[in-house]
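A.B. asks: Sharing a structure with you now.
The values are calculated or read from the model by the stated rules, or taken from the named source; none is laboratory data. Treat the numbers as computed from the prediction; the structure is a model and nothing was measured. Positions of Cβ are backbone-derived with ideal geometry, glycine not excepted, and every protein chain shown enters the neighbour counts. Note: areas computed on protein heavy atoms with side chains; ligands, DNA, RNA excluded. Shrake-Rupley method; radii C 1.70, N 1.55, O 1.52, S 1.80 Å.
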Amino acid sequence: MNEIAHNLAQVQNKIFAATERCGRAPEEVTLLAVSKTKPATAIAEAIAAGQHAFGENYVQEGVDKIRYFADNSEATLEWHFIGPLQSNKSRQVAEHFDWCHTVDRLRIATRLSEQRPAELPPLNVLIQINISDEQSKSGIALSELDALAAEVAALPGLVLRGLMAIPAPEPDYEHQLAVCQKMADAFASLKSRFSTVDTLSLGMTDDMDAAIAAGSTMVRIGTAIFGARDYSAR
């Protein structure tokens with residue numbers, strides 16, 4: 001077993017243990033492997049180990065990988081855009097990715113809807129919440145969610161699937177859980193209003209346990225799978 005396969009197995013074991021502790025089924029939590037800055041060879045190792053959902057933060061890098069694996073892999077892969085999205089990059093996301101986690105304004109959502117090719121299924125989107133109210137983070141306040149969700153759900157090229165957040169780093173588990181619970185409450189409310197909503201993208205390596213305990217359905221894990229990121233090549 002290579003290192004990436006070993007790491008994937010370790011992360012899956014941690015997800016299993018976390019769901020067991022809070023009485024959830026492991027199948028309720030999807031592992032999104034965050035492959036930003038990682039080469040195609042590393043992703044190929046993850047695919048060989050059974051991982052099929054990947055998250056990318058940089059549009060062009062992600063598109064290059066999507067094209068590469070369309071030509072060089074028989075596996076059915078799912079590509080998630082999880083980085084901040086600028087208007088001038090929306091077309092590439094609309095044309096190539098399966099999911100966008102970072103919708104935080106109507107203008108971007110409208111562009112994604114208009115630019116989604118008719119021959120593709122609607123783009124799965126999540127609304128990003130700035131749950132820790134950090135000026136450096138993208139996302140909207142919870143108070144803005146109802147209005148934006150209604151607008152996004154009405155766009156024909158998109159399917160509103162749920163919410164995403166990147167909580168501020170917090171070493172204390174109880175504090176992590178309290179923040180994650182705010183997201184879970186907002187998710188439950190949204191789910192009661194829209195039949196398409198089924199995804200709460202919440203939790204990374206350091207707060208995965210709290211996120212799963214609160215009800216996350218998708219955790220985004222990078223370093224624990226692929227090792228430290230190398231930004232020098234970008």
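A.B. asks: Looking at region 186-205, I want the residues that are within 14 Å of Ala150 (Cβ to Cβ) and have a partner that is of a type in the set (D, E, K, R) and assigned to a helix (DSSP H, G or I) with Cβ atoms under 6 Å, at least 6 apart or on another chain. Which pairs are those?
C.D. replies: Final answer for the pair search is Val197/Lys191.
A.B. asks: Filter region 69-96 down to the residues that are of a type in the set (A, V, I, L, M, F, W, C) and surrounded by 15 or more Cβ atoms within 10 Å (Cβ to Cβ), then identify the one that is nearest to the chain's Cα centre (by Cα).
C.D. replies: Selected residue: Ile82.
A.B. asks: From the list Thr76, Thr102, Thr110, exactly one residue is within 22 Å of Thr205 (Cβ to Cβ) and among the hydroxyl-bearing types (Ser, Thr, Tyr). Which is it?
C.D. replies: Answer to the check: Thr102.
A.B. asks: Sort through Ala178, Ala149 and tell me the only one that's part of a helix (DSSP H, G or I), open to solvent by 40 Å² or more (accessible area, probe 1.4 Å) and hydrophobic (A, V, I, L, M, F, W, C).
C.D. replies: Ala178
A.B. asks: Follow-up question, since we're still on this one. Just the residues that are farther than 26 Å from Glu170 by Cα and either surrounded by fewer than 20 Cβ atoms within 10 Å (Cβ to Cβ) or of a type in the set (Val, Ile, Thr) (or both), please, taken from region 97-110.
C.D. replies: The answer is Asp98, Arg105, Leu106, Arg107, Ile108, Thr110.
A.B. asks: Which count do you get for residues in region 135-146 that are at pLDDT 95 or above, surrounded by 14 or more Cβ atoms within 10 Å (Cβ to Cβ) and of a type outside the set (Asp, Glu)?
C.D. replies: Counting residues in region 135-146 that are at pLDDT 95 or above, surrounded by 14 or more Cβ atoms within 10 Å (Cβ to Cβ) and of a type outside the set (Asp, Glu) gives 4.
A.B. asks: If a residue has to be in contact with a helix residue (DSSP H, G or I) (Cβ under 8 Å, 6 or more places away or on another chain) and of a type in the set (Lys, Arg) to count, how many in region 106-165 make the cut?
C.D. replies: Looking only at that region, the number is 3.
A.B. asks: Let me ask something else about it. Return the only residue of Ser90, Ser113 being closer than 21 Å to Asn130 by Cα and not aliphatic (A, V, I, L, M).
C.D. replies: Ser90
A.B. asks: Do we find that Ala211 is closer than 14 Å to Ile131 by Cβ, modelled with pLDDT of 95 or more and in a helix (DSSP H, G or I) in this structure?
C.D. replies: Considered against the rule, which asks whether it is closer than 14 Å to Ile131 by Cβ, modelled with pLDDT of 95 or more and in a helix (DSSP H, G or I), Ala211 comes out as yes.
Here's the yes/no breakdown for (1) modelled with pLDDT under 95; (2) in a helix (DSSP H, G or I):
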{"residue": "Pro156", "(1), (2)": "no, no"}
{"residue": "Asp185", "(1), (2)": "no, yes"}
{"residue": "Ser192", "(1), (2)": "no, yes"}
{"residue": "Leu200", "(1), (2)": "no, no"}
{"residue": "Thr205", "(1), (2)": "yes, no"}
{"residue": "Asp230", "(1), (2)": "yes, no"}
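A.B. asks: Go through region 49-64 residue by residue and tally those that are surrounded by fewer than 22 Cβ atoms within 10 Å (Cβ to Cβ) and of a type outside the set (Ser, Thr, Tyr).
C.D. replies: So the count comes out to 10.
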